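Reviewing the structure listed below.
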Amino acid sequence: MAQAVRSVPGTSERALEDARARLMRNPGDVAALRDAIQAAMRVGMVDMAASYALRAQQLSPGDPIVTAARGAIEVHRGRPREGLLLFGEADKAGAGEGPFVADRALGYDLIGDQPSAQYYYGLARRQSPDDEISRRYALSLAIIGDFATGDAMLRPLLNVQDRAAWRTHAFMLAIDGRPAEARAVLDRILPPDLAAQIGPYMDTIPRLSRAQQAAAANLGLFPAFPGGVQISPAPRTDQMQRSGGSR
């Protein structure tokens, strides 16, 4: 499944570079800050996104898109309730669905409200189809017991050997009560040391709450263990490409 590391930056990386160049020319460009936040989030650079969001908030207090971005950042930091409150504030300020609707969906998954999560995943897919949205949506369906529909949603990505999709599939199998199959998938797609690290957790997945299952698969956080144990979260598509993941 391995491919040569790609040297050409991904779409989100290029968008981030463009936004940063615009900010070099005009540090007060709020539109560029918005774009930088979104691009940084898409490549998994949450702390960078938070830094841009702070600057944007200072320049444009109450900006609904920036407020929604702050909500997305809180969700990815494992604080979904705080994030969803910010999304509510963004709604009141007139944000509409905006570019962070998929992150709002994740927030609902992380509090165990899968019906609301799936509503927003559906909006996100119609707004801007994205492989990661499909992976998270499929997982959310598995969490509520609809493995077959989630598997069908994920199948096109599995067929092109999307490694992040196979990782999601492993968690879906564990959620469905098939941890041995889940471990077998991880053994095929991950480096041996990482597969050995994550594999034993597959046995615990069926005993977790829905919110904990979502946190484990999406954020790599297993709250069933004392203090929570964070392991490798599912990478973004662009990150998989940079590290040689198949598509």
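The values are calculated or read from the model by the stated rules, or taken from the named source; none is laboratory data. The shown structure was predicted, so the numbers you read here are calculated from the model rather than taken from an experiment. Note: ideal-geometry Cβ built from the backbone for every residue, glycine included; neighbour counts use all protein chains shown. Only protein heavy atoms, including side chains, enter the accessible area calculation; ligands, DNA and RNA are left aside. Shrake-Rupley method; radii C 1.70, N 1.55, O 1.52, S 1.80 Å.
If you take the residues in the stretch 123-147 that are more than 15 Å from the chain's Cα centre (by Cα) and open to solvent by less than 40 Å² (accessible area, probe 1.4 Å), which one is farthest from Pro99 (Cα to Cα)? Full working, then the answer.
From the stretch 123-147, those more than 15 Å from the chain's Cα centre (by Cα) are 123, 126-127, 141-147; that's our starting set.
With the extra rule that they be open to solvent by less than 40 Å² (accessible area, probe 1.4 Å), the set shrinks to 123, 141-143, 147.
Details: Leu123: 11, Leu141: 23, Ala142: 25, Ile143: 25, Phe147: 28 Å.
This residue is Phe147.
So which of Asp91, Asp103, Asp18 is touching a residue at least 60 places away in the same chain (Cβ under 8 Å), of a type in the set (Asp, Glu) and either in a helix (DSSP H, G or I) or touching a Leu at 6+ places or on another chain (Cβ under 7 Å) (or both)?
Details: Asp91 fails: touching a residue at least 60 places away in the same chain (Cβ under 8 Å); Asp18 fails: touching a residue at least 60 places away in the same chain (Cβ under 8 Å).
Asp103 is the lone residue from the list that is touching a residue at least 60 places away in the same chain (Cβ under 8 Å), of a type in the set (Asp, Glu) and either in a helix (DSSP H, G or I) or touching a Leu at 6+ places or on another chain (Cβ under 7 Å) (or both).
Consider Arg25 against the criteria (1) basic (Lys, Arg); (2) at pLDDT 95 or above; (3) under 23 Å from the mean Cα position of the chain (by Cα): it satisfies all of them except one. Which criterion is unmet?
It fails just one condition, (3).
Tell me which residues, restricted to the stretch 194-209, are closer than 20 Å to Ser140 by Cβ and not aliphatic (A, V, I, L, M).
Tyr201, Thr204, Pro206, Arg207, Ser209
Find all pairs meeting these conditions: Cβ atoms under 7 angstrom apart; at least six residues apart or on different chains; first residue within the stretch 173-184 and surrounded by 20 or more Cβ atoms within 10 Å (Cβ to Cβ); second residue among the β-branched types (Val, Ile, Thr) and assigned to a helix (DSSP H, G or I).
Close Cβ pairs (under 7 Å, with a partner that is among the β-branched types (Val, Ile, Thr) and assigned to a helix (DSSP H, G or I)) amount to Leu173/Val185; Ala174/Ile205; Ile175/Ile143; Ile175/Ile205; Pro179/Ile205.
Can you work out which of the residues in the stretch 208-223 that are open to solvent by 50 Å² or more (accessible area, probe 1.4 Å) and at pLDDT below 90 is farthest from Ala182 (Cα to Cα)?
Among residues in the stretch 208-223 that are open to solvent by 50 Å² or more (accessible area, probe 1.4 Å) and at pLDDT below 90, the one farthest from Ala182 (Cα to Cα) is Pro223.
Please verify whether the stretch 64-78 includes one or more residues that are touching a residue at least 40 places away in the same chain (Cβ under 8 Å) and in a helix (DSSP H, G or I).
Checked against the condition, which is being touching a residue at least 40 places away in the same chain (Cβ under 8 Å) and in a helix (DSSP H, G or I), the stretch 64-78 yields at least one hit.
Sort through Leu59, Leu85 and tell me the only one that's open to solvent by 10 Å² or more (accessible area, probe 1.4 Å), free of Cβ contacts under 8 Å to residues at least 24 places away in the same chain and on the phi < 0 side of the Ramachandran plot.
So the residue among Leu59, Leu85 that is open to solvent by 10 Å² or more (accessible area, probe 1.4 Å), free of Cβ contacts under 8 Å to residues at least 24 places away in the same chain and on the phi < 0 side of the Ramachandran plot is Leu85.
Within the stretch 148-168, track down each residue that is open to solvent by 30 Å² or more (accessible area, probe 1.4 Å), in contact with a helix residue (DSSP H, G or I) (Cβ under 6 Å, 6 or more places away or on another chain) and not charged (D, E, K, R).
Once the filter is applied, which keeps residues that are open to solvent by 30 Å² or more (accessible area, probe 1.4 Å), in contact with a helix residue (DSSP H, G or I) (Cβ under 6 Å, 6 or more places away or on another chain) and not charged (D, E, K, R), the stretch 148-168 yields Thr149, Met153, Trp166.
State all residues of the stretch 196-207 that are more than 22 Å from Asp131 (Cβ to Cβ) and either open to solvent by less than 20 Å² (accessible area, probe 1.4 Å) or in contact (Cβ under 8 Å) with a residue 40 or more places away in the chain (or both); if no residue qualifies, say none. Talk me through it step by step, then tell me what you get.
As a first pass, look at the stretch 196-207 and keep what is more than 22 Å from Asp131 (Cβ to Cβ): 196-197, 199-207.
Passing the criteria: Gly199, Met202, Thr204, Ile205.
Filter the stretch 103-119 for residues that are under 10 Å from Ser140 (Cβ atoms) and crowded, with 24+ Cβ neighbours inside 10 Å; which is farthest from the chain's Cα centre (by Cα)?
So the residue we want is Gln114.
Please verify whether Tyr52 is open to solvent by less than 10 Å² (accessible area, probe 1.4 Å) and either touching an Asp or Glu at 6+ places or on another chain (Cβ under 7 Å) or among the aromatic types (Phe, Trp, Tyr) (or both), treating the condition exactly as stated. Working first, answer last.
On the way: open to solvent by less than 10 Å² (accessible area, probe 1.4 Å): no; either touching an Asp or Glu at 6+ places or on another chain (Cβ under 7 Å) or among the aromatic types (Phe, Trp, Tyr) (or both): yes.
When the stated conditions are applied, Tyr52 does not pass them.
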